[in-house]
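What follows is one structure encoded as structure tokens, with my remarks underneath.
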Amino acid sequence: MRLATWRNGGAALLGAVALSLCQVPPVGAMEILGQAGALGEWELTGHLTESAPGAPRQFSGPLKMKHVGICTQDGPDERAGEIKLQITGADSQVTAELVLDGAACTYSARKTRNYEGTLSCEGRAPVPLLVWLK
């Protein structure tokens, strides 16, 4: 009886593993990761979905920026917002419009190993921003 129980449980486990491996993320979805600031003191994360299939490719979604620098005293400062991102030139150029806690920002970058560019927000000095798209 133990062998039959193991076989049934093993088959169920194997089926669950196979099903999880076969799940594919939706077409046109990606994760955005980044580091902003001269020392990379801001962490950027978000999940984007394709908003207008075609060329140039356009994505949008929610975004979070979290201050991870050593200057933080009362816990990390977090900002939430939205991003609209456009990829052009065989994935070599990215431009984006961001709204973070009501402040409008723009981003433009070229791809090297990642996307290296500058984040410019109204009323603030531009800061370097490295972005990875997965």
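Largest accessible area first, the residues HIS47, HIS67 order themselves as HIS47, HIS67 under a 1.4 Å probe with ligands, DNA and RNA left out. Couplings 3J(HN,Hα) of region 117-134, computed from phi: x, 10, 9, 10, 10, 4, x, 9, 6, x, 10, x, 9, 9, 10, 10, 10, 10 Hz, in residue order, whole Hz [Karplus 6.51 cos²θ - 1.76 cosθ + 1.60, θ = phi - 60°; x for Gly and Pro].
Once the gyration tensor of the Cα atoms in region 72-134 is diagonalised, the equivalent ellipsoid follows with semi-axes of 23, 13, 11 Å, ordered largest first. Relative to its residue count, region 42-111 spans a Cα convex hull of 91 Å³ per residue.
The values are calculated or read from the model by the stated rules, or taken from the named source; none is laboratory data. Keep in mind the model is a prediction, meaning the values are calculated, not measured. Just so you know, the surface numbers come from the protein's heavy atoms only, side chains and all, with ligands and any DNA or RNA stripped out. Shrake-Rupley method; radii C 1.70, N 1.55, O 1.52, S 1.80 Å.
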